[in-house]
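**Q** For reference, the structure I am asking about is given below.
The values are calculated or read from the model by the stated rules, or taken from the named source; none is laboratory data. Predicted model only: the values in this text are computed from it and were never measured. Here the Cβ is made from the backbone with ideal geometry for all residues, glycine too, and neighbour counts use every protein chain on show. Calculation scope for accessible area: heavy atoms of the full protein, side chains included, ligands and nucleic acids excluded. Shrake-Rupley method; radii C 1.70, N 1.55, O 1.52, S 1.80 Å.
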Amino acid sequence: MIRARITGTGSYVPQKILTNFDLEKTLDTNDEWIKARTGISERHIAADDENTSDLATRAAERALEMAGVKAEDLDLIVVGTITGDYPWPATACIVQSNLGAVNAGAFDVSAACSGFLYALSTAVDRIEAGRSKKVLVIGAEILSRVVDWEDRNTCILFGDAAGAVVVEAQESEHGILSTHLHADGTHLKLLYQPGFGTKLVPNEESLKNKEYTLKMEGNEVFKVAVRSMADVAEIALKANDMSVEDVDLFIPHQANIRILKATAKRIGFKEDQVYVNVDRFGNTSGATIPLAMDEANRAGKLKEGDIVLLDAFGGGFTWASVLMRW
Ligand code: UT7
């Protein structure tokens, strides 16, 4: 059977680190509150001259190098992002040009924090259908440009990063075993960026009200996130006739340590099955999962044959899971 298998991972985070203590200087907040409520100690912030495509390109170069795949051999590039360089064209097209991936189609997927898993599932479908052989899938975000730095409820949570994987068609028992995607658009205003699309245009009032920044009802999102991530993880296990004990590493979207712990507990995972790096990077939306995968991979925590479960939840709402044999 032709399977989509990840053959290389890469990631990139900007150099500048913003700690909770840095935030204490400009906001009515403190390290103790942020750590206790979110588990976050620091996050990386892009330099003024860095764009999402730059982060994405650097992560992609590392993934291609590990896979031993040349950019010109790629037939598709999919970027999961909600903070692309431009409203359009797609950031994937900029990455395509940066890499010289002259034989690749390129497009973005907008599914907020689930964006990377939505993008990955697209790659899997193309590969299993025999229409693609080598696909680059990226999650890349510069959320620091769309948060309101005066809103302590949100700005403390987010960071900038990119992660990438090379996915190749292989006749193998290894690779991606299932993908599950879900959405519920009825709650969109619990987590969204009002401006600027076609609904709300930039004008004196919308600019004054900072409508171009991310808005979130944290408490409400929290509850739905835990329930949805647990549900979609269980759906993946059931679809593959597996139980929690079969999973070697659970890599959930890194939004908040309390969400991670509550989700893992609800599913029945032990602490050592769950990958956590939210303390060092915060919530980097579509980048959290590929960044965590690359860290785990380079640290030797992903071994051939391991069962790995990826799980995300984000604005939309969207939620998704991907289960694979490494
Ligand atoms: O990526 C997927 C989408 N995002 C998420 O999954 C995030 C989901 N939500 C969360 O992570 C949490 O809801 C937050 C971390 C955002 C907030 O934690 P919480 O335990 O839900 O706190 P809360 O909103 O109930 O706020 C508790 C108190 C409030 O004060 P009052 O009203 O009780 O007096 C807030 O004003 O904490 C206050 N507060 C802060 N205090 C110090 C809110 N932000 C801060 C802050 N520093 N940065």
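**Q** Once phi is turned into θ = phi - 60°, what whole-Hz ³J(HN,Hα) does the Karplus curve with 6.51, -1.76 and 1.60 give for every residue of segment 143-156, x standing for Gly and Pro?
**A** 6, 4, 8, 10, 9, 8, 6, 9, 9, 5, 5, 10, 5, 5
**Q** Leaving out same-chain residues fewer than 8 places away, which lysines sit with a Cα under 21 Å from that of residue 265?
**A** 35, 223, 238
**Q** Right, here's the next one. Could you compute the FRET efficiency for residue 271 and residue 26, with r as their C-beta to C-beta distance and R0 at 25 Å, rounded to 0.05?
**A** Between residue 271 and residue 26 the formula returns 0.15.
**Q** Also, I was wondering about something else. With runs of 4+ DSSP H residues as the only contributors, calculate the mean residue ellipticity of the chain at 222 nm using -39,500 (n - 2.57) per run, divided by the residue total and rounded to the nearest 500. Spell out each step's value before the answer.
**A** Numbers: 10 runs with 105 residues, N = 326.
Counting only the DSSP helices, I get -9500 deg cm²/dmol.
**Q** With the contact rule set at Cα under 8 Å and sequence spacing of 6 or more, what percent relative contact order holds for the chain?
**A** Worked out over the chain, it gives 25 percent.
**Q** Tell me which residues come under 5 Å, amide H to amide H, from residue 8 once H is placed; ignore anything under 5 positions away on its chain.
**A** Close amide H contacts, sequence-distant or interchain: 166.
**Q** Something else now. What translational diffusion coefficient, to the nearest whole µm²/s, does segment 177-325 have by Stokes-Einstein, given a Kirkwood radius computed over alpha-carbon pairs, a temperature of 10 °C and 1.306 mPa s viscosity?
**A** Using the Kirkwood radius from Cα pairs, D works out to 97 µm²/s.
**Q** In whole Hz, what ³J(HN,Hα) sequence does segment 85-96 give by Karplus (6.51, -1.76, 1.60; θ = phi - 60°), x for Gly and Pro?
**A** Values, residue by residue: 4, 10, x, 7, x, 5, 4, 4, 5, 5, 5, 4 Hz.
**Q** Cα centroids of segment 265-316 and segment 3-29: how far apart, whole angstrom?
**A** Cα centroid to Cα centroid, the span is 14 Å.
**Q** Can you list the residues, at least 5 places off or on another chain, whose amide H is less than 5 Å from the amide H of residue 108, using H built in the peptide plane?
**A** 79, 92
**Q** If you put +1 on each Lys and Arg Cβ and -1 on each Asp and Glu Cβ, how big is the dipole of segment 1-138 around its Cα centre, in Debye rounded to 20?
**A** Result for segment 1-138 is approximately 660 debye, rounded to the nearest 20.
**Q** Under 13 Å from the Cβ of residue 230, count the other residues' Cβ atoms, weight Lys and Arg +1, Asp and Glu -1, and hand me the total.
**A** Local net charge: +3.
**Q** Once the principal axes of the Cα atoms of the chain are found, what is the range along each, listed largest first in whole angstroms?
**A** Over the chain, Cα extents along the principal axes are 55, 45, 36 Å.
**Q** Still on this structure: What is the ratio of the Cα radius of gyration of segment 2-173 to 2.2 N^0.38 Å, where N is its residue count, to two decimals?
**A** Dividing the Cα radius of gyration by 2.2 N^0.38 Å gives 1.12.
**Q** Read phi for every residue in segment 224-240 and hand back ³J(HN,Hα) as whole Hz from Karplus 6.51 cos²θ - 1.76 cosθ + 1.60, θ = phi - 60°, with x for Gly and Pro.
**A** 5, 4, 4, 5, 5, 5, 5, 4, 6, 5, 5, 4, 5, 5, 4, 4, 9
**Q** Which peptide among 70-82, 204-216, 171-183, 41-53 comes first, and what is the full order, when sorted by highest mean count of other Cβ atoms within 10 Å?
**A** 70-82, 41-53, 171-183, 204-216
**Q** Give me the percent of accessible area attributable to carbon and sulfur for segment 2-173, probe 1.4 angstrom. Present the calculation step by step, with values, prior to reporting the outcome.
**A** Values: 3270 of 7230 Å².
C and S atoms contribute 45 percent here.
**Q** If one computes the Cα centroid of segment 135-153 and of segment 161-182, what distance in Å separates the two points?
**A** Taking the Cα centre of segment 161-182 as reference, the centre of segment 135-153 is 24 Å away.
**Q** Right, next: For segment 71-117 and segment 35-65, what is the separation of their C-alpha centers, rounded to whole Å?
**A** Spelled out, the Cα-based centre of one part sits 16 Å from the other.
**Q** Amide H of residue 213: which non-local residues (sequence gap of 5 or more, or other chain) have their own amide H closer than 5 Å, using H built in the peptide plane?
**A** Under 5 Å from the amide H of residue 213 lie the amide H atoms of 195, each far enough along the sequence or on another chain.
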